[in-house]
2 protein chains.
Amino acid sequence: MTSPKRTERVTLKDVARVAGVSDISVSRVMRRAPNISDGLRDKVIQAANDLGYTPNRLAGALKTANSNLVAVVVPSMSNEVFPEVLDGIDSVLSANGLSAVLGISKYDPDREVEAVRELLAWSPMGLILTGLNASAAVTRMVEAQGIPVVQIMDTDGTAIQSAVGISHSAAGAAAADFLLDRGYGAPGYVGAWGERPARSRIRREAFAARLAERGAPLQGYKILPGQSSAPLGAEALASLLSEHPGLDSVFFANDDLAVGALFHCMANGIRVPQDLALLGFNGIAIGSATPTKLTSISTQRFRMGVEAAKLLIDNDPDSPKTVDLGFSFTDGASV
Amino acid sequence: MTSPKRTERVTLKDVARVAGVSDISVSRVMRRAPNISDGLRDKVIQAANDLGYTPNRLAGALKTANSNLVAVVVPSMSNEVFPEVLDGIDSVLSANGLSAVLGISKYDPDREVEAVRELLAWSPMGLILTGLNASAAVTRMVEAQGIPVVQIMDTDGTAIQSAVGISHSAAGAAAADFLLDRGYGAPGYVGAWGERPARSRIRREAFAARLAERGAPLQGYKILPGQSSAPLGAEALASLLSEHPGLDSVFFANDDLAVGALFHCMANGIRVPQDLALLGFNGIAIGSATPTKLTSISTQRFRMGVEAAKLLIDNDPDSPKTVDLGFSFTDGASV
DNA sequence: CTGAAAGCGCTAACAC
DNA sequence: GTGTTAGCGCTTTCAG
């Protein structure tokens, strides 16, 4: 029995030899370059198929100094926000023959810098970053590389180039208006993760500012250090209520927390919204299945990914764009 | 004002010139090759920092014919399973200076083939695939490339090389035993996505087979075409119960469906588990926050990613491994 | 310990 | 339309 010897890579040269044409002709056919005769194309395709040739992108990218890769750095995979954004990004990239190289920063600026450095080494054709607060090191690196950059999630702040997201300060203010307009006068707030994403802090501050402005200041808030989850939401609400029993409504940093809080209310005889109104953020699917549907501020995460990828592909270096995707209040019964 | 001219890439040659050493010495320092004098290293590091040099991985990988990339193909991002696996993968990769290039197949074998072809063009050092049912085209391509492959999720079946996952047939049988041992005699089943992941079908079939074996055959099941979600779980349960009112228990393809079903019960006065027992699959966080905690079969998704990445890195081509991570029943109050 | 030469696989730029 | 030449930026020989 012959040992399964590791096959040598089939190169463009091999195809050229078999097809009886020059290297560059093979290259042109593979890249669908213009001005190729049908005869030549057929010979090349035939030979390539016979040999099982697959182009080596490494070589092509080295030569042209630009790859079909897009570097994507997100902070986390632990709630459905970023996976959905990634899904949106990939849907556009794959339709355009591009692939995503992924970096996960864990909300750590140093890790973000490392991830960007690592990913830029592949000469990606573009970079998608999360948030507008990129460190100086990141900004310097991408400028040196001279590639398009799109920052997702936020629009409050200054983008390196383009951005797709929402205004979290607008969302925070809108949450305040929403609750006050419905007659709630003693609102609280619950967050998590120690507010590591700056945008959640911005949202809370805008929420508090608008409440104060309208004469119904934030009664109390609880930011737990742990990662957002339903159990943590229940815990945070219990803790918040013990310190501030007079609250009539609570705005949450996200729906995971809000759903957990809703469960806490159900388990403890707190009627929602009569005794306590709950307002979520993100509008994820589960909120519409709970016995009391969660009222929430919906964001478009898949679409955010789609728009970010499009912006990268259609990039016009001279006119960076900021796309505000906005948000909307979902129907629910928890407010 | 000078126009912000796109800076030329700083190459290793530039560093060598500034440091007054040869190209190869810079290369050696950057790669931390052995046998470098401190003096030389210092000069090189100094020059590299001054110039803001970052290595071009494209060139290095082209030369060595192996990159620091790992190709990862998953079917979906729309539930928390694969994001958690990816998180686990990335945690190991980033600790080893590797990056993931991502492909999303949407459970479509053709897309999977395309994604693999696309990703292999980058000469990744390894490939992580989802499921054991890779198409012949995929198998051929990875064998031609001669790189390590790890398949995740399943262990029932034949791996190309190595695999990390669980036995879904064992899980299905265990679910049957679990319900029967607790005295339920009229079980049903709910799935979704038209059972596109083959492993969910395997689980259901093993569930039904064990039930039949023990004389309490599956009373009825409902596989909805839509993507799994809590709302769909509620809908599926309602539909299943209308066709099979006598059920005393239901096993779900995943916790998203089960949680939705739980909500349906709460909203419709169906007492869980007295009137109907619910058994989930995956053991996601939200199930432990619901007023009635969900009883579920827990899997280790992050760890699956970790083990897969480790297997790839420590690959021994001569002894492929299959790692069964097993599953466990979580405490809950829904059975 | 350091350097010189050669070439990875592909593609711009220029011939013809 | 097709081919020739040269070289992308790095690293593997092989010298010294």
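For this structure, a couple of remarks:
- Fraction of C-alpha pairs exceeding 45 angstrom in the protein assembly as shown: 27 percent, rounded to a whole number.
- Cα-derived Rg to Rh of segment B:168-298, Kirkwood definition: 0.92
- Summed over both chains, the accessible area lost when A and B associate is about 4400 Å², using a 1.4 Å probe.
- Accessible area, probe 1.4 Å, largest first, for residues A:307, A:213: A:213, A:307
- 17 Å reach of a label modelled at residue B:135, 7 Å along Cα-to-Cβ, counting backbone N of segment B:173-213: B:196-198
- Averaged over A:80-91, number of beta-carbon atoms from partner chains that fall within 10 Å: 4
- For chain A, the Rg and Dmax computed from alpha carbons only, in angstrom: 25.8, 85
- Near the amide H of residue A:296, within less than 5 Å, lie the amide hydrogens of A:280, A:330, all on another chain or at least 5 residues away, with H placed in the peptide plane.
- Residues whose amide H comes within less than 5 Å of that of residue A:126, counting only those at least five positions distant or on another chain, are A:71 (H built at 1.01 Å from N in the peptide plane).
- For residue A:93, neighbours were defined as the other residues whose beta-carbon sits under 14 Å from its Cβ, and their charges (Lys and Arg +1, Asp and Glu -1) total -3.
- Extension gain for residue A:268-residue A:42 works out to 74.0 nm (0.36 nm per residue, less the C-alpha to C-alpha distance).
- Placing +1 on the Cβ of every Lys and Arg and -1 on the Cβ of every Asp and Glu, with no other charges, gives segment B:168-298 a dipole of roughly 200 debye about its Cα centre.
- Rounded to 10°, Cα long-axis angle of helix A:81-95 versus longest principal axis of chain A: 30 degrees
- Under the convention that each Lys and Arg Cβ holds +1 and each Asp and Glu Cβ holds -1, the size of the dipole of the protein assembly as shown around its Cα centre is about 1720 debye.
- 10 Å Cβ neighbours from other chains, averaged over peptide B:142-151: 2
- Counting only protein heavy atoms and a probe of 1.4 Å, the accessible surface of segment B:1-90 is 51% carbon and sulfur.
- For segment A:94-162, alpha-carbon Rg and Dmax in angstrom: 11.6, 33
- Per-residue SASA remark: residue B:94, around 50 Å² accessible (1.4 Å probe; ligands, DNA and RNA not included).
- Across the copies of the chain, residue B:213 has label points (7 Å from Cα along Cα→Cβ) spaced 6.6 nm apart, shortest distance listed first.
- Projected label distance in nm at residue B:24 and residue B:242, using a 7 Å step from Cα toward the beta-carbon: 7.8 nm
- Percent of beta bridges antiparallel (DSSP, the protein assembly as shown, rounded to nearest 5): 10 percent
- Pairs over the 18 Å Cα-Cα cut-off, from the set A:43/B:63; A:293/B:222; B:13/B:63; A:13/A:43; B:13/B:43: A:43/B:63; A:293/B:222.
- The equivalent ellipsoid that matches the C-alpha gyration tensor of segment B:1-50 spans semi-axes of 26, 10, 8 angstrom, in descending order.
- 7 Å along Cα→Cβ, label-point gaps from residue A:328 to other copies, nm, shortest first: 4.4
- Nearest-10 value in Å² for the accessible area of residue A:24, using the 1.4 Å probe: 80 Å²
- Ligands, DNA and RNA left out, the 1.4 Å accessible surface of segment A:168-298 is 48% carbon and sulfur atoms.
- Within segment B:259-297, the residues that become at least 40 Å² less accessible when every protein chain is included than when their own chain is isolated (1.4 Å probe; DNA, RNA and ligands ignored) are B:263, B:286, B:289, B:291.
- Within 10 Å of each Cβ in A:117-128, the average number of Cβ atoms from other chains: 3
- Distances between equivalent label points of residue B:22 across the copies, with each point positioned 7 Å along Cα→Cβ, amount to 3.5 nm, shortest listed first.
- Within straight-line cross-link reach of residue B:310, lysines at Cα separation under 19 Å, skipping those fewer than 8 residues along the same chain: B:321
- Taking θ as phi - 60° and the Karplus parameters 6.51, -1.76 and 1.60, the scalar couplings of segment A:118-135 work out to 4, 6, 5, 4, 9, 6, x, 7, x, 9, 10, 10, 9, x, 9, 8, 5, 6 Hz in sequence order, x denoting glycine and proline.
- Rolling a 1.4 Å probe across the protein heavy atoms gives segment A:7-95 an accessible surface of 49 Å² per residue.
- For segment A:168-298, relative contact order (Cα pairs under 8 Å, six or more residues apart, normalised by length) works out to 24 percent.
- Beta bridge orientation in chain B: antiparallel %, DSSP, nearest 5: 5 percent
The values are calculated or read from the model by the stated rules, or taken from the named source; none is laboratory data. Everything quoted here is computed from the prediction, not taken from an experiment. Backbone-built Cβ (ideal geometry, glycine too); neighbour counts: all protein chains shown. What goes into the accessible areas is simple: the full protein's heavy atoms, side chains included, and nothing from ligands, DNA or RNA. Shrake-Rupley method; radii C 1.70, N 1.55, O 1.52, S 1.80 Å.
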